[in-house]
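Let me begin by presenting the structure, written as structure tokens, before commenting on it.
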Amino acid sequence: MAQESFTDAIALLKADHRKVEGLFEQFAAAAAGPKAKLARQICTELKIHTTVEEEIFYPAFRGKIEDDTLDEAYVEHDGAKVLVNDIEAGSPEDDFYDAKVTVLFEEIKHHVHEEEMPSEGMFAQCRKTDVDLVALRDLMVSRKQELMLQAEREGLPPAQPRAVNLQPA
Ligand SMILES: [Fe+2]
Ligand SMILES: [Fe+2]
């Protein structure tokens, strides 16, 4: 599979952000026909991106940037996963389908802003640490390839929350 090259881990994540924003914009402009395919693509992209961030990127910065920044990112991901799983299980004929995709885009825009915001944002904090962003990129590229292959071959399982308890005891 052709792999784009990125200067470092943050460049890779920002490219993912631009890609999914483009897909959301296509969805908003699409006729009914292509909507299901675009929504599935959006959900797959988001599942791969959040997995790579949660497994590799975020843990590399624990103890090195503000805890609140990282904690809020996990909770925001979990909020998005509820809609991702629901959209994947549904179809464009369902009530609220377009609204779910629209609201997911709003949530993602907010989350991406928190990550990319100049000086205070997560990535700006990450750049000030001693973490090797090129080594991190290599780990992320191989995990991403693995997940993309899994998505193509058998599909990815529903997104799993990591911070939010969906069914409090
Ligand atoms: Fe991200
Ligand atoms: Fe994120």
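Remarks
- Residue ID - least open to solvent (accessible area, probe 1.4 Å), chosen from residues in the stretch 126-145 that are within 11 Å of Val52 (Cβ to Cβ) and in contact with a helix residue (DSSP H, G or I) (Cβ under 6 Å, 6 or more places away or on another chain): Met140
- Only residues that are of a type outside the set (Asp, Glu) and touching a residue at least 40 places away in the same chain (Cβ under 8 Å) were counted in the stretch 23-60, giving 20.
- Residues located in the stretch 13-22, provided they are touching a residue at least 12 places away in the same chain (Cβ under 8 Å) and open to solvent by 10 Å² or more (accessible area, probe 1.4 Å): Lys14, Asp16, Lys19, Glu21
- Test result for Glu146, within 14 Å of ligand 2 (Cβ to nearest atom) and free of Cβ contacts under 8 Å to residues at least 40 places away in the same chain: no
The values are calculated or read from the model by the stated rules, or taken from the named source; none is laboratory data. Every value quoted in this text rests on a predicted model; they were computed, and no experiment measured them. Backbone-built Cβ (ideal geometry, glycine too); neighbour counts: all protein chains shown. These area figures cover heavy atoms from the full protein model, side chains too; ligands, DNA and RNA do not enter into them. Shrake-Rupley method; radii C 1.70, N 1.55, O 1.52, S 1.80 Å.
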